[in-house]
Every structure is written in C-alpha cells, then in structure tokens.
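Have a look at the structure below, then the notes.
Please treat every number below as a calculation from the coordinates, not as lab data. Note that the structure is predicted; figures quoted are calculated from it, not measured. Because the Cβ atoms are built from the backbone with ideal geometry, glycine has one as well, and the counts that use them run over all protein chains shown.
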C-alpha cells in the first residue's frame with residue numbers, strides 16, 4: 001500500500017452533515033444515548049448545501065491523535081474505504097466527552113483509550129464496517145467528534161455488536177452526549 | 001492552581017491574525033526562515049476585523065497533543081498568561097511541517113518531539129516568555145501552527161536563544177515553511 005493510503009495519513013478535509021428534507025441518506029432511526037437530543041432529521045446530506053437544514057454539524061478529518069505505528073499497521077492491513085457501492089447503510093454518531101476528559105494530559109487520555117481496547121475493537125469489524133472520524137470540538141461545535149460508519153445491510157448485527165462493545169469501555173464513561181443516527185442510501 | 005487554569009486545559013478558541021495597516025501590533029521585523037515568504041505586513045490585528053488585510057491566518061487553541069501529565073505539571077508551575085501589561089513585544093511564528101511528519105503515527109511524532117526536548121526548552125524560558133499555540137492545518141490553512149509569543153523588551157535576547165535552541169532540534173528538520181514576525185505593542 002502506498003504511504004498516501006495509510007490510515008489517517010491523508011490531508012485534512014472539512015465535512016458537513018446537514019439534516020433536512022433533501023440529501024442522499026434517509027434517516028431510519030435516531031436515538032439519544034445520553035445528553036440532549038438533536039432535532040429529528042428526515043434526510044441527511046453529506047457536504048451538500050441544504051437550504052432548509054434543521055441542523056448542520058461540521059468536523060474535519062485529521063492526523064491520528066492516539067494510534068501508534070504498530071496499531072496503524074494493523075489497521076492498514078484491513079482498511080475499508082468510504083463510498084463502497086455495497087455499503088448502503090450508514091450511521092452518524094456525534095459524541096461529546098466531558099471537561100474531565102479534555103483536562104487530562106495526552107498520556108492519561110491514551111492510557112484510557114488503550115485500556116478500553118478502542119483500536120482492537122474497531123479493527124475487529126474491518127473491513128466490513130468502514131469508519132471516518134471527524135473532529136468538531138476545536139470548531140466550537142456542540143459535539144467533539146462526528147463518527148461516520150458505512151456498511152452493507154448484512155453487517156448491521158455486527159455493527160450493533162461493535163457499538164455495544166465500545167459503550168461499555170472505561171473511555172465511554174467520559175461520554176456525556178451521544179446521538180445515534182441510522183441511515184440508508186437513497187438511489 | 002485551579003484545574004481550569006492548567007496548561008492546555010481550557011476550551012478551544014478560534015483566533016485570527018490579520019496583517020494590514022491597522023491593529024495594535026506594529027511589525028518591526030519579518031524574516032522568512034524556510035519556504036515561501038508572507039507578504040510584508042506593517043501592522044497586525046489579533047482577532048479584529050481589518051477590511052484592508054493583506055493576509056489573515058487563523059488557528060484554534062486546543063487540548064495538548066503530546067504533553068504528558070508530568071510535563072504539564074512542570075509547565076503549570078511556571079505558567080505565564082497572554083496579555084500581561086509589561087509584555088510589550090510579541091512574535092508570531094507560522095510554521096508548516098512536511099508531509100513526512102504528518103504521515104507518522106502518534107508515537108513516532110511524540111518520540112521526535114521528546115528527543116528534541118521541545119517541552120523542557122520552552123519551559124526554561126517560562127514565565128518570562130509566554131506562548132500560545134494555535135492549530136491551523138485542520139482548517140486547510142497555509143501553515144500548520146501559528147505560535148504567538150509575548151515578552152517584556154528585556155527578555156528579547158532570551159527569546160532569540162529559545163528560537164535558536166528549537167531550530168537545531170531533530171523536530172525542526174520536518175519544518176518546511178517558517179516565517180518569523182516580530183512585533184511591538186502600540187498604545
């Protein structure tokens with residue numbers, strides 16, 4: 001694999017998720033796990049101007065903040081691209097972590113991330129479940145992270161399992177707002 | 001010191017540096033260390049709308065990306081605030097690092113940062129030289145970092161020493177663009 005394709009090594013891109021009545025993704029389920037809900041969306045447009053948007057969330061992809069070289073090599077071996085034609089289902093999961101999380105130094109955050117098995121859990125579901133992380137906190141947005149997942153319909157049970165595993169980790173004790181938006185692609 | 005004052009623990013803020021003919025900071029010297037120069041500025045406004053701006057650079061403060069808990073405790077013990085009345089001199093140093101730097105995983109970048117003594121070098125000049133780091137790369141800006149320094153005029157020789165020490169580190173081999181803009185406050 002050429003270095004440019006390595007996990008998290010691409011140049012940052014800014015991405016907007018607009019909830020409204022247009023957009024290529026139809027909302028099939030929207031649940032609030034913790035904290036304040038988001039207004040219910042009917043459709044979601046990724047990076048398209050939607051004049052009637054009821055809410056827009058924006059974030060940027062970036063370099064990896066915790067992943068070590070060894071972890072990245074293990075991810076690169078199973079990597080999955082966004083936009084595969086068979087990946088007709090998606091999820092947008094905006095998350096905000098607590099002030100206590102953000103007040104911790106890098107090594108303390110990394111230790112919790114590692115103890116939680118964040119990388120191996122996600123890796124276990126690659127390449128069936130593709131994932132792209134967008135950072136939002138630095139933009140003064142209401143969430144810290146917007147994670148976008150894409151998968152084929154037959155991987156949906158595996159996706160539920162992935163979320164269930166993450167949500168019981170020590171890292172998730174720092175999550176104070178989480179909304180889970182499930183989508184299907186409209187053709 | 002209350003936790004909210006800990007180094008790098010505050011909520012992110014977005015800051016713009018506008019070069020033009022207005023602004024509270026007068027440019028006394030502008031040098032290009034490596035890479036493409038920036039158009040020469042006469043005055044610099046921090047976070048003020050300047051309709052005639054010849055260039056504007058924007059970045060956000062953020063959580064610490066490399067600093068460990070022990071390092072942060074050593075910084076907190078000597079911390080210096082931005083905006084002290086005696087700090088009548090400032091420097092804005094925009095930097096871009098190479099694609100090779102950004103393609104490295106977190107542990108590899110941290111190892112170079114540590115071997116370079118980045119934290120102890122900066123700490124040695126606290127509290128005389130205050131520093132605020134702004135991240136720019138994730139916004140698609142021409143530089144990755146905008147570092148803002150403030151100090152009293154008698155600390156200028158120490159500031160030159162600080163920069164000289166940083167510029168010979170292994171970390172600086174990854175710097176491919178650096179402009180050094182020196183400023184004095186206009187009252």
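Structural remarks
- As a rough footprinting exposure proxy, the listed residues A:184, B:179 were ranked by other beta carbons within 10 Å of their own, and the order from fewest upward is A:184, B:179.
- Binning the C-alpha pair distances of the protein assembly as shown at 20 Å intervals from 0 yields a P(r) profile of 26, 54, 20, 0 %, listed from the shortest bin outward.
- Our note on the geometry: Cα centres of the stretch A:24-94 and the stretch B:103-145, 29 Å apart.
- Residue order for B:133, B:146, fewest other beta carbons within 10 angstrom first, comes to B:133, B:146.
- Label points for residue A:21 are taken 7 Å from Cα along Cα→Cβ. From this copy to the others they lie 5.0 nm apart, shortest first.
- A Stokes-Einstein calculation at 4 °C with viscosity 1.567 mPa s, built on the Kirkwood radius of the stretch A:76-187 over Cα pairs, returns a diffusion coefficient of 87 µm²/s.
- When the helices of the protein assembly as shown are scored as -39500 (n - 2.57) per DSSP H run of n ≥ 4 and the total is divided over every residue, the value at 222 nm lands at -6000 deg cm²/dmol.
- Global form of the stretch A:1-118, assessed from the alpha-carbon gyration tensor, a/c cut-off 1.5: oblate
- Rel. contact order, % - alpha carbon contacts under 8 angstrom, at least six apart, chain B: 33 percent
- Inter-label distance, residue B:40 to residue A:47: 4.1 nm, where each label sits 7 Å from its Cα along the C-beta direction.
- Take each residue in B:99-110, count the other chain C-beta atoms within 10 Å of its C-beta, and the mean is 6.
- Sorted from shortest to longest, the distances between the residue A:158 label points of this copy and the other copies are 5.8 nm, with each point 7 Å from Cα along the line through the beta carbon.
- For residue A:120, inter-copy label distances in nm, listed shortest first [label point 7 Å out on the Cα-Cβ vector]: 3.5
- Cα pair count fraction exceeding 14 Å, expressed as % - the stretch B:59-136: 71 percent
- Computed over the stretch A:96-137, the convex hull of the alpha-carbon atoms projects to a mean area of 3.6 nm².
- From least to most packed, judged by other beta carbons within 10 angstrom and beginning with the fewest, A:145, B:151 follow the order A:145, B:151.
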